[in-house]
Amino acid sequence: MKSPYLSIIIPAYNASAHLSKLLLSIKKSTFKNFEVIVGDDSSNEQYLVDKGIKIVRLTRNKGPAAARNVAAKRAKGEVLVFLDSDVQVYPDTLKKIAEKFKEDHDLTAVTGVWDKHQKTANFFPQFKALRDWSYWTNERDRDGYYYLFSTRIAAIRREVFLRLGGFNEAFRQMEDVELTYRIAKRYAIIFAPDVRVHHEFEDFWPVARKYFWRSFYWTKLYRVRRKFDPVATTVWESMAGVTAVGAVASIVLGILIFFIVPMTWVKVGTLGVFGVLLILHILLLWRFLRFVYSQKGLVFTIKALATGLALYTVIAAGAIYFSVRERLSVV
């Protein structure tokens, strides 16, 4: 029997609604030389899948890193393709991945992107789709080296993945960033903007919760490495995050001062600090805001700016929470 060229690895935890749509989209692919292996992270439900799709079940819930690893160990393909269970591929997605690896034998790893379209008319999912699209296509460094090995859609040669030891199962979030650092020590991770999947984003609070915990684990990873690399974020976006948190803090402080401190110059000074930080923040995000304006207009852009401030604050809260927990554990 001919070995598959691609092994599609999908972690799943109580994901039957999403998984069925993903498997259907895979079935419609124009490229056919692949196998599908689902790493079931000890779900509370049974998955009904077509014949030929392998399901490897963990005996207890360990997180997506462990689910991917156990599935990858069963893979026979030359190239592993990692997909999140809540995405859908396009008919040519797998074909484009296979072509890239076949045409370039020095290619080790490729990462793709979510598209910018959403079926819902709700503001936040549209904002999140545009934010991610702009980040990957308008704002990233152009050398193509420090691209995140994003498990929403990414591929790597199987022998390299196994030699690296797979995903670090100690990370229930940010496992893709941790693996990216290990890949990037020796190999380039190439961004392929034509390798796309579709994803319907959630509303603000579920995404904010994910951002909080990703920031928590990123801070944990940073404490170990003591080094900043533009993998999960660019330097410019990190600076935008700092100015965003400063702006939010200054306006909150300003509101408190307005009711407590009688001195007008203090109130004006606080307002001035907020204004300066907000202007710096806008300048740092100018490419994104210009892109959003071209897509959705002025009102949407203003709402996007405010929403971004809130998300940057959540990210900062995750980092602070890790630092506090670490300090308390030492004490």
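The values are calculated or read from the model by the stated rules, or taken from the named source; none is laboratory data. Everything quoted here is computed from the prediction, not taken from an experiment. In this analysis, Cβ positions are derived from the backbone assuming ideal geometry, glycine residues included, and neighbour counts consider all displayed protein chains.
Working only within segment 82-123, note down all residues that are closer than 17 Å to LYS21 by Cα, within 17 Å of the chain's Cα centre (by Cα) and among the hydrophobic types (A, V, I, L, M, F, W, C).
PHE82, LEU83, VAL87, VAL89, TRP114
Please list, ordered by residue number, the strands (runs of 3 or more DSSP E) wholly in segment 1-60 having 2 or more residues that are without any contact (Cβ under 8 Å) to a residue 24 or more places away in the chain.
54-57
Out of (1) under 23 Å from ALA66 (Cα atoms); (2) part of a helix (DSSP H, G or I), what's the single condition that is false for ALA98?
The one condition ALA98 does not meet is (1).
Restricting segment 286-331 to residues that are of a type in the set (Lys, Arg) and in contact (Cβ under 8 Å) with a residue 24 or more places away in the chain, which is surrounded by the fewest Cβ atoms within 10 Å (Cβ to Cβ)?
ARG287
Residues that are crowded, with 21+ Cβ neighbours inside 10 Å and free of Cβ contacts under 8 Å to residues at least 40 places away in the same chain: does segment 141-155 have at least one? If you could, list the steps in order and put the result at the bottom.
Residues of segment 141-155 that are crowded, with 21+ Cβ neighbours inside 10 Å, as a first pass: 147-151, 153-155.
Those left that are additionally free of Cβ contacts under 8 Å to residues at least 40 places away in the same chain: 150.
Looking for residues that are crowded, with 21+ Cβ neighbours inside 10 Å and free of Cβ contacts under 8 Å to residues at least 40 places away in the same chain, one finds at least one in segment 141-155, hence yes.
Specify the residue that is nearest to GLU45 (Cα to Cα); the eligible residues are those in segment 1-32 that are more than 24 Å from the chain's Cα centre (by Cα), of a type outside the set (Ser, Thr, Tyr) and exposed (fewer than 14 other Cβ atoms within 10 Å of the Cβ).
Per the stated criteria, the residue is LYS27.
Name the one entry in GLU78, GLU45 that is touching a helix residue (DSSP H, G or I) at 6+ places or on another chain (Cβ under 9 Å) and modelled with pLDDT of 95 or more. If you could, list the steps in order and put the result at the bottom.
Numbers: GLU45 fails: modelled with pLDDT of 95 or more.
Going through GLU78, GLU45 in turn, the sole match is GLU78.
Would a scan of segment 106-113 turn up a residue that is surrounded by fewer than 18 Cβ atoms within 10 Å (Cβ to Cβ), more than 21 Å from ILE37 (Cα to Cα) and without any contact (Cβ under 8 Å) to a residue 40 or more places away in the chain?
yes
Yes or no: segment 67-90 includes at least one residue that is among the basic types (Lys, Arg) and farther than 23 Å from GLY165 by Cβ.
Filtering segment 67-90 down to residues among the basic types (Lys, Arg) leaves 68, 73-74, 76.
Filter again for farther than 23 Å from GLY165 by Cβ, leaving none.
No.
Which of the numbered conditions does ILE55 fail, given that it passes all the others? Conditions: (1) closer than 25 Å to PHE101 by Cα; (2) among the hydrophobic types (A, V, I, L, M, F, W, C); (3) surrounded by fewer than 18 Cβ atoms within 10 Å (Cβ to Cβ).
Exception for ILE55: condition (1).
Does at least one position in segment 180-201 carry a residue that is within 13 Å of the chain's Cα centre (by Cα), of a type in the set (S, T, N, Q) and modelled with pLDDT of 90 or more?
Checking segment 180-201: at least one residue is within 13 Å of the chain's Cα centre (by Cα), of a type in the set (S, T, N, Q) and modelled with pLDDT of 90 or more.
Being assigned by TED's automatic domain parsing to the domain that holds PHE171, within 26 Å of MET174 (Cα to Cα) and not aromatic (Phe, Trp, Tyr) is true for just one of LYS27, LYS73, LYS51, LYS32. Which residue is that?
LYS73
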